[in-house]
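The values are calculated or read from the model by the stated rules, or taken from the named source; none is laboratory data. Source: prediction; values computed, not measured. Quick reminder, even Gly has a Cβ in these numbers, built from the backbone with ideal geometry, and neighbours come from all protein chains shown.
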Amino acid sequence: MPLHHSVSVRRSALATVFLAGLSAFPQAQSRVPDRTIIYLDPQEHTNLYPPAGGFYPNGGILSQITDRLTWQDPETLEIKPWLATDWSVNADSTIYTFHLRSGVTFSDGTPLDAQAVALNFQTYGKGNQALHFPVSEAISNFDHAEVASPTTVIFHFTHPAPGFLQATSVLGSGIVSPATLGRPFDDLGTATGIIGSGPFVVSADIPGREVDLVARQDYRWGPKAGEGRATVERIKILVVPEDSIRVGALLAGQADIIRQVEAYDEEQIRRAGYRLFAPSTRGVNTGLAFRPDNPLVADIRVRKALLHGTDRQEIVSVLYSRNYPVARSILSSQAAGYADFSQKLKYDPALAASLLDSAGWRMGEDGLRHRNGQTLRLGIHVSLPHPQNKTMLELIAQQWRRLGVQLDIMSGAAAGVLLDNLNPQRTPLTVSEVGRADPDVLKSEFFPRNRDSLLQKGGQSTKIRAFRDEALDTMLLDIASITDREERLRRVVAVQEYLIDNAYDIPLFEEPQVYAASPDLKGLRFEAVGRPVLRDLEFTAP
């Protein structure tokens with residue numbers, strides 16, 4: 001049965017079941033002003049500690065219930081006031097002083113003052129071992145926070161931190177109440193326990209199924225001048241893993257917004273007159289990162305062979321749409337410091353085969369390459385947050401199989417996947433990608449004490465025998481510390497080229513977040529890396 005026919009059959013059957021479950025929200029009342037907005041997400045949230053907001057289901061909730069010191073204009077990327085009315089930075093970017101709005105409160109009525117802001121950033125910048133809070137990947141070189149007055153907070157850094165101002169605008173720096181930060185990390189998976197100052201409050205959390213939000217009546221401190229309480233009363237975020245059901249519910253008028261529209265559904269949604277949004281994540285492109293501690297990929301010739309043996313254009317043409325441009329570097333073309341290195345990423349299967357030959361991997365009668373009795377066989381786990389990831393990996397496996405390389409695609413329970421991804425012998429490759437509209441995003445992805453995609457010794461894994469690239473780490477720290485903007489951007493270009501020249505990562509495509517919405521819904525906005533802002537939603541039809 002053809003793929004699209006199979007999808008259509010499943011959509012018809014499964015959507016019928018789901019739509020029946022939404023009968024409590026009939027179309028007859030769908031256009032009254034206090035209507036409940038139905039938002040469908042393919043995945044449930046995990047933990048709502050703000051620095052965990054990089055996971056889009058987490059961020060979709062945090063974006064509605066927390067505010068930040070600043071906000072980043074998604075069009076210009078300029079940093080503008082929010083909870084902070086103004087700020088100053090010393091000459092070497094080691095001291096930041098913020099002046100706060102007065103009269104802001106958390107949803108439990110406690111004041112959002114300098115003491116609360118200082119506690120948030122002290123936690124995000126240093127972590128809290130007793131409560132198991134990790135350090136935020138967005139904050140570098142943090143030393144301590146100082147409360148100068150009820151509305152003035154000063155942040156001190158051990159070394160220059162030029163990315164900190166932008167870091168105050170990201171979801172990972174959302175401000176939560178001191179009571180929230182007094183609870184253990186593991187307790188913050190329950191959304192009703194997160195007390196923020198945002199335009200919505202969590203009224204219910206049914207694990208694995210839904211999160212309900214209600215508008216906060218006294219909210220009056222949005223980032224734009226005169227922006228007060230939300231224009232909608234209630235939002236219901238439902239977890240619907242099957243993409244065909246999400247699309248079916250939207251087209252049947254039983255859902256208002258859906259996230260992660262797959263490329264093969266985009267045209268159907270457009271033809272039906274519904275609206276598509278594909279905001280860029282503006283950071284490290286979706287790619288495959290190698291773990292060179294694994295002997296099979298320790299040889300740069302093997303890594304380069306697989307880079308040149310990956311037909312990225314075929315991947316995008318077969319599986320995706322124009323919303324997923326072929327990657328031309330490690331960073332998105334919309335990222336600060338982007339440089340085009342597509343000439344170094346060309347698909348060249350003849351060169352790939354030659355490199356594998358020179359590395360001693362000979363083609364056997366079984367169609368696979370062998371060396372000293374060992375088969376060139378690699379493993380990678382499916383990354384569920386990424387669109388069509390399993391299908392994409394299967395296509396890459398077909399491409400590599402023509403080179404004589406076996407790629408095993410694995411899946412399993414979350415705990416097992418986590419452990420495997422910390423063991424380079426099990427996973428010599430991993431899916432890489434992170435969104436952030438600041439050059440520090442490279443450090444977030446590749447530095448050992450951040451996401452550590454390459455798995456270096458002294459980083460996130462205890463399973464590493466030897467691999468460490470001190471030159472790369474120094475370059476990443478420089479990006480996080482150099483205050484001269486032009487020099488910083490030159491270092492960003494150098495890091496991209498270094499990663500490609502060493503074939504540490506195969507950039508595949510620029511990943512957007514693709515949403516669809518009812519044609520008569522207006523006011524849907526997105527922050528700088530594609531997370532939804534739902535406070536301004538309105539319906540244009542009566």
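Restricting to the stretch 41-69, name every residue that is closer than 22 Å to Q217 by Cα and in contact with a Pro (Cβ under 9 Å, 6 or more places away or on another chain).
Passing the criteria: G60, L62, S63, Q64, I65, T66, D67, R68, L69.
Would you pick out the residues in the stretch 109-139 that are assigned to a helix (DSSP H, G or I), surrounded by 22 or more Cβ atoms within 10 Å (Cβ to Cβ) and polar (S, T, N, Q)?
If the condition is that a residue be assigned to a helix (DSSP H, G or I), surrounded by 22 or more Cβ atoms within 10 Å (Cβ to Cβ) and polar (S, T, N, Q), then N120, T123 are the ones that fit.
In the stretch 87-108, how many residues are within 25 Å of I195 (Cα to Cα), small (G, A, S) and surrounded by 18 or more Cβ atoms within 10 Å (Cβ to Cβ)?
Qualifying residue count, the stretch 87-108: 1.
Is it true that some residue in the stretch 271-285 is out of contact with any Gly (no Cβ under 9 Å at 6 or more places or on another chain), buried (at least 21 other Cβ atoms within 10 Å of the Cβ) and under 30 Å from S461 (Cα atoms)?
The answer is yes, given that some residue of the stretch 271-285 is out of contact with any Gly (no Cβ under 9 Å at 6 or more places or on another chain), buried (at least 21 other Cβ atoms within 10 Å of the Cβ) and under 30 Å from S461 (Cα atoms).
Confirm whether S444 is outside any loop (DSSP other than H, G, I, E, B), touching a Pro at 6+ places or on another chain (Cβ under 9 Å) and crowded, with 22+ Cβ neighbours inside 10 Å. It would help to see each step written out before you state the result.
On the way: outside any loop (DSSP other than H, G, I, E, B): yes; touching a Pro at 6+ places or on another chain (Cβ under 9 Å): no; crowded, with 22+ Cβ neighbours inside 10 Å: yes.
In short, no.
Within the stretch 27-45, work out how many residues are at pLDDT below 95 and among the β-branched types (V, I, T).
Total meeting the criteria: 2.
Per-residue answers, yes or no, for (1) surrounded by 17 or more Cβ atoms within 10 Å (Cβ to Cβ); (2) modelled with pLDDT of 95 or more:
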position: I380; (1), (2): yes, yes
position: L384; (1), (2): no, no
position: E394; (1), (2): no, yes
position: Q398; (1), (2): no, yes
position: G404; (1), (2): yes, yes
position: G412; (1), (2): no, no
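Which residues, counting only those in the stretch 305-314, are in contact (Cβ under 8 Å) with a residue 40 or more places away in the chain and surrounded by fewer than 21 Cβ atoms within 10 Å (Cβ to Cβ)?
D311, E314 - these are the residues of the stretch 305-314 that are in contact (Cβ under 8 Å) with a residue 40 or more places away in the chain and surrounded by fewer than 21 Cβ atoms within 10 Å (Cβ to Cβ).
Can you tell me which residue in the stretch 50-78 is modelled with the lowest pLDDT, limited to those that are among the aliphatic types (A, V, I, L, M) and buried (at least 21 other Cβ atoms within 10 Å of the Cβ)?
A52
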